[in-house]
Amino acid sequence: MTTTQCRTAACLLLVVAACGGSNTSVPETSSPTIADSTTSEVPSATGADAPSTTEQSPATSSATTTSTILLAATLDDGRPATFMAVTDDYEAVEVDTATGDIVHRFGQRADAASLASGDEIAPNVVDGIWRSASGDVVLISECCEPAAGRITFLSGGGTLDTDYGESAWNGWWVVPSANSDDVIITGYYTQVIDATEGPGGAGAVTILENDGSGVGAIGWSPDGSSIYWYDESAAELVTWVDSDAGFMVTSRVPIDWVGPDQHLSGLDARAGGNVVSFLTRSAADGGPLETNGVVYSPVTGELLAEFPVPAGSSFGGYDPSARFVIYTTLAGAVTYQGLGKTGVLGEGYLFASW
């Protein structure tokens, strides 16, 4: 599973892991964190990094409590006290960052067993989960059949049910702002909507019409005043600024360092203002993917730094402080990185976000 989502049942079958959503944590390891750069030089991973530390993650359990922490607290190092995740059997959950315990279960549509049953049309399954900046609203994405995509809005302590009513919005993927309850929803249209108003709100603003392939690299500036989007067809980074007249395009800068065999997925701005994405290279001979994290300027578009990421990892974005990035590896390990540290928060997941 990647940040640019496949929208077919066949794609989902390819990402089915061992059923059950194990939440067992593993020890942290040292890994570089790339400092923001203000030059066009691309430093090596080692030379540009702050020193890393190694920590032992607490053991995790399969807690099934129905309480929810949401954004009520942060850990001593500033990470959110919980993260949001999709287990490998397609259940949307909230997980304690420090212990790996599941503290809230939002629900599940279909599981890996039903997908593997050979049905001609696979049921919709949960494939993404996010929360608004206040934590008041949780947004859950489903794909792929029979509906092309659906975002369900839930209250922070809510759960999925079979009555969609006014709680559902057509779309495939969500990118929350870090400092307001506005979210970007991508589907056949890319729209900005106040999550607290829900799908029935009148304030949704369409900023882009898509061709049906989705928008995999779009995100917010740290202050929430701008939206950055990588226009793959033009190889440009587009900036929208929120104004009294709505979101207006203010710049387009070339991204000429993405090769023809490469794909830029996920996009978020870190605290220093530069943009971070994952760059995946597809092997021409059908070999394994190669993935790097990339840091680049939203002003000039130039590549500033690269850092190693496990191949095929799914970008989950930064926490509200814009200092800790979270991603999920193809092996199902939820990983965080920031302030010179990295660690695995749990295993057995398909996707995670803060």
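If you go through region 103-111 one residue at a time, do you hit one that is at pLDDT 90 or above and hydrophobic (A, V, I, L, M, F, W, C)? Within region 103-111, one or more residues are at pLDDT 90 or above and hydrophobic (A, V, I, L, M, F, W, C).
With the structure loaded, tell me whether ASP268 is surrounded by 15 or more Cβ atoms within 10 Å (Cβ to Cβ), of a type in the set (D, E, K, R) and modelled with pLDDT of 95 or more or whether it fails that test. Spelling it out, ASP268 is indeed surrounded by 15 or more Cβ atoms within 10 Å (Cβ to Cβ), of a type in the set (D, E, K, R) and modelled with pLDDT of 95 or more. Scanning region 334-354 for residues that are farther than 13 Å from ASP77 by Cβ and within 14 Å of the chain's Cα centre (by Cα) gives VAL334, THR335, TYR349, LEU350, PHE351, ALA352, SER353, TRP354. Against the numbered list (1) more than 24 Å from PRO80 (Cβ to Cβ); (2) touching a residue at least 40 places away in the same chain (Cβ under 8 Å), ARG270 comes up short only at (1). When region 132-144 is filtered for residues that are surrounded by fewer than 19 Cβ atoms within 10 Å (Cβ to Cβ) and either at pLDDT below 90 or over 18 Å from the mean Cα position of the chain (by Cα) (or both), only ASP136 remains. ALA322 meets each of the listed conditions (1) in a loop (DSSP other than H, G, I, E, B); (2) of a type outside the set (D, E, K, R); (3) over 16 Å from the mean Cα position of the chain (by Cα) apart from (3).
I'd like to know if region 219-233 contains one or more residues that are within 27 Å of GLY156 (Cβ to Cβ), out of contact with any helix residue (DSSP H, G or I) (no Cβ under 6 Å at 6 or more places or on another chain) and among the β-branched types (Val, Ile, Thr). Yes, region 219-233 contains at least one residue that is within 27 Å of GLY156 (Cβ to Cβ), out of contact with any helix residue (DSSP H, G or I) (no Cβ under 6 Å at 6 or more places or on another chain) and among the β-branched types (Val, Ile, Thr). Among the residues of region 295-303, is any in contact with a Lys or Arg (Cβ under 8 Å, 6 or more places away or on another chain), modelled with pLDDT of 95 or more, of a type outside the set (Gly, Ala, Ser) and assigned to a strand (DSSP E or B)? Yes, region 295-303 contains a residue that is in contact with a Lys or Arg (Cβ under 8 Å, 6 or more places away or on another chain), modelled with pLDDT of 95 or more, of a type outside the set (Gly, Ala, Ser) and assigned to a strand (DSSP E or B).
Report, by residue number, each residue of region 95-111 that is part of a strand (DSSP E or B), among the aliphatic types (A, V, I, L, M) and touching a Leu at 6+ places or on another chain (Cβ under 8 Å).
Listed by number, the list holds a single entry, VAL95.
Taking region 290-319, which residues are over 18 Å from PHE351 (Cα atoms), aliphatic (A, V, I, L, M) and free of Cβ contacts under 8 Å to residues at least 40 places away in the same chain? VAL294 - this is the single residue of region 290-319 that is over 18 Å from PHE351 (Cα atoms), aliphatic (A, V, I, L, M) and free of Cβ contacts under 8 Å to residues at least 40 places away in the same chain. Checking the stated criteria, ILE129 turns out to be in contact with a strand residue (DSSP E or B) (Cβ under 7 Å, 6 or more places away or on another chain), at pLDDT 95 or above, closer than 25 Å to THR335 by Cα and among the β-branched types (Val, Ile, Thr). Of all residues in region 211-218, one or more are among the β-branched types (Val, Ile, Thr), modelled with pLDDT under 90 and on the phi < 0 side of the Ramachandran plot.
Counting only residues that are of a type in the set (Val, Ile, Thr) and either part of a helix (DSSP H, G or I) or out of contact with any Asp or Glu (no Cβ under 7 Å at 6 or more places or on another chain) (or both), region 76-94 holds 2 of them.
Among the residues making up region 314-337, a single one is in contact with a Lys or Arg (Cβ under 9 Å, 6 or more places away or on another chain), among the small types (Gly, Ala, Ser) and surrounded by 22 or more Cβ atoms within 10 Å (Cβ to Cβ): ALA322.
The values are calculated or read from the model by the stated rules, or taken from the named source; none is laboratory data. Since we're looking at a predicted model, the values are computed, not measured. Using ideal geometry, Cβ is built from the backbone for each residue, glycine included, and neighbour counts are taken over all protein chains shown.
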